[in-house]
Structures are given as structure tokens and as C-alpha cells.
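To start, the structure under review is shown below, and the notes come after it.
What follows draws every value from the coordinates through simple rules; no lab data is involved. Since the model is a prediction, treat every value here as computed from it, not as a measurement. All Cβ positions, even for glycine, are placed from backbone atoms using ideal geometry, and neighbour counts span all protein chains on display.
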Amino acid sequence: MYEEEMEEVVDKALFRVFGLEVTPYAMFIVLGAVLALILALRRAKRIGVTADAVLMFAMLAVPLGLVLGRAVFCMCRIVDVFDFGFSYVFKLIYGGYSIMGVFGGILLAAFLTKKIEYVAFTDVLDAVMPGLLIMLALARFGEGSTMNGTGPEVMSPALQFMPLARRGMYGEYTYAVYMGEALTALIAGVYTQCMDRKPRGEVAGTALIIVCAAQVLWESARRDQVLKFDFVRWVMVVAALVLLAILLLSLRRLDWPLGGKIITVAGLFLLAGVVMAMEFFIDGKFIQTIPVWVCYLCDALCLTGMAALCLKTLRAACEI
């Protein structure tokens, strides 16, 4: 029964290649990968990274991203693995890849490229990150426009239209959250691709800060139970940890007084605490005394503040 329901929401194949079905979503992915490689090669030339390093990264990132992305996805759905057996790992019709696992594969690929091509880790990321964000944008646009969006039912008829909402298998409407994530990745990718040669690490750090801060906001709009730990989704936790890591690494390079560094980190935790409190209200953990739109507004303002704090600290560290 479950397999029949899943078949109803999966895209129909456009055509077949060697017996394998090619769906509209797959076309988005391939287009994004080609564009990402072209942009990475162009940016690498501008910042002094060899084309060999970019090509080596691409050859490593594809298999590592796929393997780790699928592995993390299945680990987070270990109950399904027990229910359907080990073959579930290979049944992509039930779901795809975890962005957390793919991100880990990208970092590992950049590290291996550093060892093989003798190029700085941050230089590799500076060269490839804008293109990867463009690829992510196309992947999310494809997922949000050709498959079911994820989120709560849209009660207002005025909002029940594409691409804001998608119609599910039972006729219900759901927010296409992936469309917001795609837009954020597109803006961040174009912005960082247009950045001139900057101090080492600033381009990659800027891209990650923008995407991670926005990811927490978009994930908070997903009221489903997938990958959810109480009121916080795992990808929200990972995004916050990336922001914290960038802030700490930046502060490590700065010759600021210890008190100033402590205040900076405390400021990030304070803003994160407000976001966490808003998630409690949005998720109905407390008596609903604050309108939901106010909670989301506070979320957006605090996450903007977190991003600005990290960006300012990163810029100061990169200018040394």
C-alpha cells in the first residue's frame, strides 16, 4: 500500500537512458551540476586555483556526496530500514539524500583535494562554493516545482497556488518550502560568484553564513514530523553549529580582548535562544499567546542578526 501511494507522488519519467528513467527532477540536478562546474572553473581562474584542483574536487565530491548523503538520510530513517530491509537504502522512490550528508561529502572532498593537489582547503571552497549553491538552487527548484512541497496545509484559498503551495495525494495543499530554500541559495550563489578576489575563506564563509541562517528559518516552516527532534529539526541544529564554527574560527584569528570575544559568542547564543523560544511557540509547546506571524518575524530578525554578527567577524578575521 505504501509503495502504491509513493508511486502517485513521484515524477513520471521523461525518457529512459540505458533502461534508467530520467525524471524532470533529475534534469534539474544534471543542469545544476554542469553549471556548477563551469562557474567553479571560471572562479578558480580568477582566484589562482588550478583547473586540475577543481576537476579533482568534482570527481571526489560526486561519489562522496551521494554516498554520505544517502547514508545520513537512511540513518535518520533507520526505522524504515528495519521495516523494508536493507534494500530500502537503494529505493530512492521513498526519499533521496540528506543535505547534511552531502555537505559532509563536500568538506571531505575539499580536504582530499588539498592533500592531492597541494592547494589550500579554503581556496578550494572559495572556488567551488558559489557554483555549488547555484546547483543547490536548481535542485531545490526542481524538487519544489516537480514534486510535493513540504509543510502544513494551506488553509487560505488565496495561498493555494503554485509555487507557494503544492497539492498532495489526498487533495491537501502544502507549502513548497523548497522554493524558499532555492531562492536563498540562488541569491547567495550569484552574490558570492560576483565577489572579487577576497582574502582566503571569505567567499566560502559568506556563502555558508547566508545559507545556514536562512535554512533555519525555512526549516521552521516545515510542520511535518520528518527528521524532527521535539521542536527542532536536525538540519536546523547543524546549520546553527556551522554558524558557531565560523564565528569561533574567525574569533580565533582576531586579536580582540577575551571579554569582547565572550560577548560576541554570547550574543550569538542569545539570538539563537530567542529563535528557539519562538519555535516553542510556533510548535504549540506553550499556550498560544503570540501570533504565529510575530514568531516568524522574530525568527527572521534574530537569524538576520546572527548572520550579520558572523559576517562582520568573518570579514574582520579575513582582513588580517
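Observations
- Sites residue 280 and residue 89, calculated FRET efficiency, Cβ-Cβ separation with R0 41 Å, nearest 0.05: 0.70
- Positive contributions from Lys and Arg (+1) and negative ones from Asp and Glu (-1), summed over other residues with Cβ under 15 Å from the Cβ of residue 272, come out at -2.
- Label-to-label distance, nm, for residues given as residue 296 and residue 116 (7 Å Cα→Cβ offset): 4.4 nm
- Highest-first packing order for the peptide set 98-109, 186-197 is 98-109, 186-197, based on the mean count of other beta carbon atoms within 10 Å.
- For the range 198-320, alpha-carbon Rg relative to the globular expectation (2.2 N^0.38 Å, N residues): 1.12
- Among 122, 289, sorting on how many other beta-carbon atoms sit within 10 Å of each Cβ, with the fewest leading, yields 289, 122.
- Radius 11 Å from Cβ of residue 201, net charge of other residues (Lys, Arg +1; Asp, Glu -1): +1
- Stretched out straight at 0.36 nm per residue, the stretch from residue 256 to residue 27 would grow longer than its current Cα-Cα span by 77.6 nm.
- Environment charge at residue 35 (Cβ cut-off 13 Å; Lys +1, Arg +1, Asp -1, Glu -1): +2
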